[in-house]
Protein chains: 2
Amino acid sequence: MLTDLSSCDYTPKKELENRIGRLKEGMAEKGIDYAIVLQNVDLFYFTGSLQKSYLVVPVEGDPLFLVEKNIERATAESPLDQISVARDKDVRGIILEKGIRGKAGMELDVLPVTMFRRWKTILDIEDAEDVSGIIRDLRSVKSEYEISQLKKSGEICEHVFAFAEGFIKEGMRELDIDAALNAEGRRKGHQGFLRMRGLNQEMMNIYVTHGRSGAIVSGADVPISGTGITHAISQGSSFNQIMPGVPVVVDYGGGYNGYITDETRAYVAGEMKEPFLRGYQAAREIIEETGRGGWAKAGTNAAELFNRALKIAKREGLAEHFMGYGRSRVGFIGHGLGLEINELPVITPRHEIPLKEGMVFAFEPKFIFPGEGSIGIEVDYIVRKDSLERITGTPIDIVYV
Amino acid sequence: MLTDLSSCDYTPKKELENRIGRLKEGMAEKGIDYAIVLQNVDLFYFTGSLQKSYLVVPVEGDPLFLVEKNIERATAESPLDQISVARDKDVRGIILEKGIRGKAGMELDVLPVTMFRRWKTILDIEDAEDVSGIIRDLRSVKSEYEISQLKKSGEICEHVFAFAEGFIKEGMRELDIDAALNAEGRRKGHQGFLRMRGLNQEMMNIYVTHGRSGAIVSGADVPISGTGITHAISQGSSFNQIMPGVPVVVDYGGGYNGYITDETRAYVAGEMKEPFLRGYQAAREIIEETGRGGWAKAGTNAAELFNRALKIAKREGLAEHFMGYGRSRVGFIGHGLGLEINELPVITPRHEIPLKEGMVFAFEPKFIFPGEGSIGIEVDYIVRKDSLERITGTPIDIVYV
């Protein structure tokens, strides 16, 4: 019924069965008897629908998809059987009736204390195990269906970066570029906003930074955050005007059917000045080295990607500018992508974990020069058996405008 | 240092002192010895800065503003004294050193369980009281400074609605209007996104709905949500094309220096058809009745605003379409505005509370006709001693395009 209005694919039933099956395996390992999924993104992941609802997954037996509002949409969107409920309290009776009991699991990384207490009362339980680790782990490995959605998200990125090439001009404000590029992505079918998991985790859809605005960091855990136009947001594009010779760094997030891509390119009016040219060349070399000869692939230690990048930064004499400066340096060069922008894996020397086939991550070598500005490139990779595959086809060259 | 990049006012010191003073009064009433503020919006409210930080407010004595990152920005933005900390764990030692002890208060409505447990360990406490009710109550009454910021936010709304008048045309997609209006607001200085408090609370910056897309509701607690273009977001503008005679309902949220305004207007190509004309006239009458003769003002029972509106809807034979239809009806006609879009007061028959001078709320009589579409008007009011004052000057007439 909504197809002509929305156009996105419905999540296939096999996908959902597979995801729920993997959740049950994780629960069984931890001795959890049933999980209650309440966060909207996790609900979408397991049901294909993002209505007001509650998903109960017993470690054995069929999941219960309990929908409060809007049941018509949930029915259209999700192949799972639905049970209509009037309120959260009704969940208890249904669980009892189905004979579900034992140790409960909930998403304790996002569930607020007040809501947790309410659910403990509803379920008449004393405590619950945290299932968020299991969910985040299984969500970090994408199916071919999910990769197809990520590629459509990447097409929006490609379109926006191609548009930027003809649009960005000297004298514009960062904000003008932000507004126009965002609008262009939206017209192309961008979902409207990006999601980040956790309290205080907020994202702009686009960051246009230029010169000193790109070297001023915020409280956010990102290498380049921009200043924004208010202390109440404290990140994003500003009123700063584009000057020749200094790069305009565009960090844009595609969003299609929930799936997020996240890439960065640099544009410059006239000839690019130092230290940005040197920074750009190092970033480019890091990306080329990462993709070279298929050394990075399923099984590769994620920390090795960071360490090789740092080695190049050091060789180019840019170590102190790599991924930030001083206390504002971030400890990662990449982050997982999916329905949220801070998924696993994190590409950092602190996580010595093997990349798994189907993981998808943004990889963003960036250099910050205090008081002067910043430069960097960001591309998205799919971890394949024998290589890393790029999601978009947008070249990583500097674009002269 | 950031003034030319950001342009917004810094929060005056007197404001912050007043807010912290009121927080302490609320804490004293509840026997809370110290509060730890962790949510970013509350941090901005009490410190004027939204960096990565922790605010400790003892019921007696000076607040401790502990900043992890970025301390330079926090120093520029906040008149409060700052203490630099390297990590959350450092808070414990500083609290002990200052002799702060006793019953702790935290924002349990938003604090996730995992983070709460971490803080209980850091502070070596067994439990904490919920201070979110105190904070939400005191935030619901705006100072004249806050009202000045809300008025600037309203100016962005006014600008966007004026732009819409010349832009909206038959044949466009909802999404085209969404993209262009959002871009226009951003260029005018819109902060970039709107905030909503709580888990799963998500907002688009703009909703453009038309015909049947306006009559399909989502899981969100709003009368008109639109379908969006993906089940993963499930609200907002769609690919639906504008036809003559059927209203384009534009619900737009201004955002300036954190402060949100939220208004709705209707545009129509050609002559507006029934049942929309009847719905529009009822919505208009409700707004005129609400502003008539200064009966609604500080001290008025908020429920009375809802009840008078419902009476008009009934008289016009539109009761079953008022604020939704069937199970998807929402139970309110207005909601508080401020740094978040779901602030207090809620204008509903369920809350018999007197409006307080300085409260600000959106008031949105809307009518939903299943399968056909929806129509409504939304204006923002400041509660004054003797009246309700409108925030924007945008007329509530239908705009014929």
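The values are calculated or read from the model by the stated rules, or taken from the named source; none is laboratory data. The structure presented is a predicted model; accordingly, all values stated were derived computationally and were not measured. Cβ placement follows ideal geometry from the backbone for every residue including glycine, while neighbour counts extend to all protein chains displayed. The area values use the complete protein model at the heavy-atom level, side chains included, leaving out ligands, DNA and RNA. Shrake-Rupley method; radii C 1.70, N 1.55, O 1.52, S 1.80 Å.
Which members of segment B:154-190 meet the condition of being facing chain A (nearest Cβ under 9 Å) and more than 22 Å from B:Ser6 (Cα to Cα)? Answer for segment B:154-190, where residues must be facing chain A (nearest Cβ under 9 Å) and more than 22 Å from B:Ser6 (Cα to Cα): B:Arg173, B:Glu174, B:Leu175, B:Asp176, B:Asp178, B:Ala179, B:Ala180. When B:Phe239 is tested against (1) at negative phi; (2) open to solvent by less than 20 Å² (accessible area, probe 1.4 Å); (3) facing chain A (nearest Cβ under 7 Å), just one condition goes unmet, and that condition is (2).
Can you tell me which of A:Gly192, A:Gly185 is in the same structural domain as A:Tyr259 (by TED's automatic domain parsing), open to solvent by less than 10 Å² (accessible area, probe 1.4 Å) and either modelled with pLDDT of 95 or more or closer than 25 Å to A:Ile396 by Cβ (or both)?
Exactly one residue qualifies, and that residue is A:Gly185.
Residue pairs whose Cβ atoms lie under 9 Å apart, separated by 6 or more positions or on different chains, with the first residue in segment A:296-313 and outside the structural domain of A:Lys385 (by TED's automatic domain parsing) and the second of a type in the set (D, E, K, R) and at pLDDT 95 or above, do not occur.
Considering B:Gly299, B:Gly326, which residue is at pLDDT below 95 and surrounded by fewer than 17 Cβ atoms within 10 Å (Cβ to Cβ)? Give the derivation first.
Values: B:Gly299 fails: at pLDDT below 95.
Sole residue among the options that is at pLDDT below 95 and surrounded by fewer than 17 Cβ atoms within 10 Å (Cβ to Cβ): B:Gly326.
If you go through segment A:255-281 and keep only what is closer than 22 Å to A:Phe361 by Cα and among the basic types (Lys, Arg), you end up with just A:Arg265. Taking the listed residues B:Ser84, B:Ser148, B:Ser78, the one that is over 22 Å from the mean Cα position of the chain (by Cα), at pLDDT 95 or above and farther than 25 Å from B:Ile32 by Cβ is B:Ser84, with no other qualifying.
Within segment B:43-52, track down each residue that is closer than 20 Å to B:Ile94 by Cβ and out of contact with any helix residue (DSSP H, G or I) (no Cβ under 6 Å at 6 or more places or on another chain). It would help to see each step written out before you state the result.
Restricting attention to segment B:43-52, the residues satisfying the condition of being closer than 20 Å to B:Ile94 by Cβ are B:43, B:46-47, B:49, B:51-52.
Listed by number, the residues that qualify are B:Leu43, B:Thr47, B:Lys52.
Scanning segment B:318-343 for residues that are outside any helix (DSSP H, G or I) and in contact with a helix residue (DSSP H, G or I) (Cβ under 8 Å, 6 or more places away or on another chain) yields B:Leu318, B:Phe322, B:Tyr325, B:Phe332, B:Ile333, B:Gly334, B:Leu337, B:Gly338, B:Leu339, B:Glu340, B:Glu343.
Has segment A:98-106 got at least one residue that is at pLDDT 95 or above, open to solvent by less than 10 Å² (accessible area, probe 1.4 Å), in contact with a strand residue (DSSP E or B) (Cβ under 6 Å, 6 or more places away or on another chain) and within 24 Å of B:Gly133 (Cβ to Cβ)? Yes, because at least one residue in segment A:98-106 is at pLDDT 95 or above, open to solvent by less than 10 Å² (accessible area, probe 1.4 Å), in contact with a strand residue (DSSP E or B) (Cβ under 6 Å, 6 or more places away or on another chain) and within 24 Å of B:Gly133 (Cβ to Cβ).
Considering segment A:284-309 alone, what residues qualify as being out of contact with any Pro (no Cβ under 8 Å at 6 or more places or on another chain) and part of a helix (DSSP H, G or I)?
Taking segment A:284-309 first, the residues out of contact with any Pro (no Cβ under 8 Å at 6 or more places or on another chain) are A:284-285, A:288-297, A:304-305, A:308.
Of everything in segment A:284-309, those that are out of contact with any Pro (no Cβ under 8 Å at 6 or more places or on another chain) and part of a helix (DSSP H, G or I) turn out to be A:Arg284, A:Glu285, A:Glu288, A:Glu289, A:Thr290, A:Gly291, A:Arg292, A:Gly293, A:Gly294, A:Glu304, A:Leu305, A:Arg308.
Would you be able to say whether some residue in segment A:84-96 is open to solvent by 30 Å² or more (accessible area, probe 1.4 Å) and in contact (Cβ under 8 Å) with a residue 60 or more places away in the chain?
no
The rows are residues; the columns are (1) facing another protein chain (nearest Cβ under 10 Å); (2) of a type in the set (A, V, I, L, M, F, W, C); (3) without any contact (Cβ under 8 Å) to a residue 24 or more places away in the chain.
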| site | (1), (2), (3) |
| --- | --- |
| B:Arg195 | yes, no, no |
| B:Val208 | no, yes, no |
| B:Thr230 | yes, no, yes |
| B:Asn257 | yes, no, no |
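Looking at the structure I just gave you, is B:Ser374 open to solvent by less than 10 Å² (accessible area, probe 1.4 Å) and assigned by TED's automatic domain parsing to the domain that holds B:Glu146? Yes: the conditions hold for B:Ser374. Screening B:Ser234 with (1) within 18 Å of B:Arg173 (Cα to Cα); (2) in contact (Cβ under 8 Å) with a residue 24 or more places away in the chain; (3) of a type outside the set (Phe, Trp, Tyr) gives one miss only, at (2). When B:Pro223, B:Pro244 are screened for being open to solvent by less than 20 Å² (accessible area, probe 1.4 Å) and more than 8 Å from every other protein chain (Cβ to nearest Cβ), only B:Pro223 passes. Among the residues of segment A:136-166, those identified as open to solvent by 50 Å² or more (accessible area, probe 1.4 Å) and either of a type in the set (Lys, Arg) or touching a helix residue (DSSP H, G or I) at 6+ places or on another chain (Cβ under 6 Å) (or both) are A:Arg136, A:Lys151, A:Lys152, A:Phe163.
With respect to the stated conditions, B:Ile229 fails to be open to solvent by less than 40 Å² (accessible area, probe 1.4 Å), in the same structural domain as B:Glu274 (by TED's automatic domain parsing) and over 21 Å from A:Met203 (Cβ atoms). Can you give me the number of residues within segment B:112-145 that are of a type in the set (Gly, Ala, Ser), more than 14 Å from chain A (Cβ to nearest Cβ) and assigned to a helix (DSSP H, G or I)? Matching residues across segment B:112-145 total 0. Number of residues in segment A:260-291 that are of a type in the set (Asp, Glu) and within 13 Å of A:Val399 (Cα to Cα) equals 1.
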